[in-house]
Amino acid sequence: MHWKLKLLILLMVGIPAFTGYPLSRFDAEIIKGVGYALVFYWIITSICLMWLVGPRRLAIIISIAAPITFIVVFCGGSISYLLYLANNSLPNSQTLYSAHYAKLSVTMLTVIPLALSMVTIIPFHSFEPRLLSSKAGISRTEKALLMALRVFNHIVFYVIPNVLEVTREEHAYTQWKGTKNISNDLALTARAGHTMHASGALVKYMTHICLESICEALQYIPLWAMEIARLPTRKTDK
């Protein structure tokens, strides 16, 4: 199946996710905040993604979407709960934000894989050779597009897989006293009842991963900028 047809199918499947229609027309709920329509739509979307991108690629996409969903829902729920404790004049606020984050978690597990699948289907890696093969030169707009494509391809096809591979194989992060395995550290601190220490260890680990990803994403940008600037410019743009 051609990638344009796959992209068209995903865009049609994504209409309820990005517009809310017709999901908002159904009020029946499984639990507070999570309706039957939303869960049914999530199941249909997952089946379509498995068909279009394949089980292996879908598993990688879900492994990216799940931590993002966990961080957003956990941090948002924690902040909302702290605000609830600080303002006891809103007795129903806890029920309201609980329903909100329950719906948000299902929505993110639907929207993020859908968006990432659209990105993986489009052959961005083939656009660069087409731009470079132009005999008439490259316009300034095409140079900017070429730079964006290089950065995008580097992040999607190198940085993210590399970070996931390192995380999966090493499970290491740097602490004050050296490098330890995060799963062992979190397990020990949880057994000791030090929840705050476990949360701190998780934050340090995520910070380490984010910094490593940013550094890897930016390291070749100056070299690419010089290389692209030296390409012949189309005469009409000079």
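The values are calculated or read from the model by the stated rules, or taken from the named source; none is laboratory data. Quick caveat, the model's predicted, so the values are computed rather than measured. SASA here: full protein model, heavy atoms, side chains in, ligands and nucleic acids out. Shrake-Rupley method; radii C 1.70, N 1.55, O 1.52, S 1.80 Å.
Things to note:
- Accessible area, probe 1.4 Å, largest first, for residues MET1, MET206: MET1, MET206
- Scalar couplings 3J(HN,Hα) for region 135-143, obtained by applying the Karplus form with A = 6.51, B = -1.76, C = 1.60 to θ = phi - 60°, are 7, 8, x, 10, 6, 5, 5, 5, 5 Hz; x denotes Gly and Pro.
- Solvent-accessible area of LYS6 with every protein chain in place, 1.4 Å probe, in Å² to the nearest 10: 50
- Between region 95-136 and region 32-60, the alpha-carbon centres lie 14 Å apart.
- The heavy atoms of PHE70 offer some 110 square angstrom of accessible surface to a 1.4 angstrom probe.
- Remark: the Cα gyration tensor places region 28-88 in the oblate category, a/c being 1.5 or greater and a/b not exceeding b/c.
- To the nearest 10, the accessible area of ARG57 is 110 Å² with a 1.4 Å probe.
- Integer Hz, Karplus 6.51/-1.76/1.60 couplings in order for region 59-76, x for Gly and Pro: 5, 5, 4, 5, 5, 7, 6, 5, x, 4, 4, 4, 5, 5, 5, 5, 5, x
- Taking HIS154, HIS2, HIS208 and ordering them by how much accessible surface each has at a 1.4 Å probe, largest first, produces HIS2, HIS208, HIS154.
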